[in-house]
Every structure is written in C-alpha cells, then in structure tokens.
Amino acid sequence: MGVRLAMAISIFLSYALQFYVPMSIAWPKLQARIPKNAQTVAEFAFRTALVILTCEISFRLSMKKLMVQNLLESYPLTFYFF
C-alpha cells in the first residue's frame, strides 16, 4: 500500500514536468500576445489548463473503454462475433 501511495504522489507531482518541451514550443508564440506584467500568471494558467485537459481526455477515454468492456461482458454471444 505504501508503494502505491508513493507512486501516486510521485506521478502527481511530476506530471506537469512532462509539458516542458510542449511549453518551450508553444509558450514563445503566446508570450508575445500577453502583457509583461501578466506573463507569469498566464504561463501558470496555460500549464494548468494543459494538465487538466490531458487528464480529462485520459479519464474520458478510460471510461469509454470501461463502458465498452462492460457491454461486451454483459452479452456473452458478442464474443463469438469479435
């Protein structure tokens, strides 16, 4: 249980680091459109939005897979056709 908790915490804390390369590509294009006094807040908001977006996509895809899997399990005859 402790190992699972440690893994969950490490993934949670390091997930935003995965956006280092995409941010280095996308941020200079956005930075020119944002006033100097709001760039730090805008960068933080953009990083947060990317993390939330990817988590939401991952969650929705996993739920869709789970629904399809439950549907196939509830109809045993469908396994003969797939």
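Observations on the structure shown:
- Single match in R33, R47, R60 (criterion: without any contact (Cβ under 8 Å) to a residue 60 or more places away in the chain and assigned to a loop (DSSP other than H, G, I, E, B)): R33
- Only one of the numbered conditions (1) closer than 22 Å to F12 by Cβ; (2) modelled with pLDDT under 90 is violated by L72, and that is (1).
Every residue, every condition in (1) touching a helix residue (DSSP H, G or I) at 6+ places or on another chain (Cβ under 7 Å); (2) at pLDDT 85 or above; (3) among the charged types (D, E, K, R), yes or no:
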position	(1), (2), (3)
I11	no, no, no
Q31	yes, yes, no
I52	no, yes, no
L61	no, no, no
T78	yes, no, no
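The values are calculated or read from the model by the stated rules, or taken from the named source; none is laboratory data. Here the structure is a predicted model, which means the values were calculated and not measured. Neighbour counts are summed over all protein chains in view; Cβ atoms, including those assigned to glycine, are modelled from backbone coordinates with ideal geometry.
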